[in-house]
Amino acid sequence: MSRGYTSPRIKNLQFAIYLGVGLALAILSILFLIWSVGYMERAYVGTSLISALIGFTLLSASLYVLRLSAYVYAVEKGESHEK
Amino acid sequence: MIKLLLEVLPRVIVAVLLFNIVNTFTSTIGLDVLGSMVKAPIETVFLMASLILATASLVYPTPFIYVLAIVTYSIATRFSVSMISLEALLSIGAIAVADHLKSFYRNRQERFVEIGGRRTIVLTLISVTTIFVVLIAVPLLANAYIAAVLPYNIAQKTSNNFLREIVVNPIFVLSFSLAIGIAIYRATTALPEVIAIYVGGSREVALETLKNRRDVDVYIETPLTIVKSLALSALFTPPVYEVVNMLILSSWQSSIYAYLIRGAVATILFVAIGYAMYRLEKPIVLDPKTLLILSTVTLLLIYVGGFIVSYNMYKNVLYALTRPAIGYFMESISNTYIGFYSDILIFLDGISKLFGVAP
């Protein structure tokens, strides 16, 4: 990758890697947020708050990776406006 | 004609809110403003603020002032008259739409509008529905989540008294709700941006954004350096203090001046290390390799400490390697910290009592 050459098979699907990572992080974050509600119902206050914190951190990470995947997709398949 | 409608409709909606506020005002406070200020100061102040804001938004029906009026009114009635409801959200949406249309509407503009075919109508309906669904669903989702997580009903079940005091505290509830609200807002604003770039992205702009290094290599100059150096010194001084205790002061442990000397040494060490941290702040901060090395070294030290304690107990190397007694090790470390803080607090408390500062 440091030589600036990516194989043709991967080249068109690079955005899919970022998309997959972003979606996986989003699913994990929703899991943690739902577990936080469950913990609070059973009176585990500290566990609930820290899993809510983990859920929101993962949410912001997943949004950043999804934004990156959108930019990579636009670079590969976007319309070129220069003439 | 439509200009008239765009002026009248927001004011009608604000008039409904004003009617509710005046109703609540006359039923709770009446004319006895000063008496209710004594009995329930927060509610009275917020109710009067909401009255002023609602009158202001009658004159200038911008979404911002209207939202402020709704928020202050809800706080004033302690959410019992639930304006955080469907009608509030729809009214905010209607006022926002009217305010937006007013800014570029020209007279008789609607006569030049040509509606082109079925596809345009379907797309328009889909976009308007999406906007209003998101407008309603996101606050309701945030509200449901906060209501589910916040431990209103749990407070009686918690056996830990200190935790219960923190959790029932309104400031904690407010800051927690605010944090979750801001997080959900950031999530919902980032998602349409992602979708927009997917649908209509231009190649050059994306390449430019990806190659932009200025957003990544940001050095943040934090203003509270002294507080940070004090916090770092509070973290790093106890081990140093323990070492100094073991080496130098062990001969004076049982003397009558033991508390004074230990406390004085503890305070001097705290200030000295705080000053060292203040000077050393720049090279330590924000270097990922340094952070990685420091965290790995700390984990290794904990493991080695557990291994040594376990070896002392069981005298078997292989057994000690696989079962490091981290519990005992951490207990002795926490005893170090507790000892340091108790010494420093006894010293400061005694000195202040000696000089008559604290009663």
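No lab work stands behind these numbers, since they all come straight from the coordinates. The structure displayed is predicted, hence computed values, not measured ones. All Cβ positions, glycine included, derive from the backbone under ideal geometry; neighbour counts span all protein chains shown.
Taking neighbour counts of Cβ atoms within 10 Å as a proxy for exposure, in what order, fewest first, do B:I184, B:I21 appear?
If I rank by nearby Cβ atoms, fewest first, I get B:I184, B:I21.
What does the extension gain come out to for B:L300 and B:N107, with contour length at 0.36 nm per residue minus their alpha carbon separation?
The B:L300-B:N107 span can extend by a further 62.0 nm.
Starting from the 7 Å offset along Cα-to-Cβ, what nm value, one decimal, do you get for the label separation of B:Y341 and B:F64?
4.4
Cα centroid distance between region B:1-68 and region A:30-51, in Å?
The two parts, judged by their Cα centres, are 38 Å apart.
Describe numerically, in nm with one decimal, the distance between label points set 7 Å from Cα along Cα→Cβ at B:T322 and at B:T225.
5.2
Ranking B:D99, B:D32, B:D343 by Cβ neighbours within 10 Å, fewest first, what do you get?
Ordered by Cβ neighbours within 10 Å, fewest first: B:D32, B:D99, B:D343.
Counting other C-beta atoms within 10 Å, which of B:F19, B:F132, B:F270 has the fewest, and how do the rest follow?
B:F19, B:F132, B:F270
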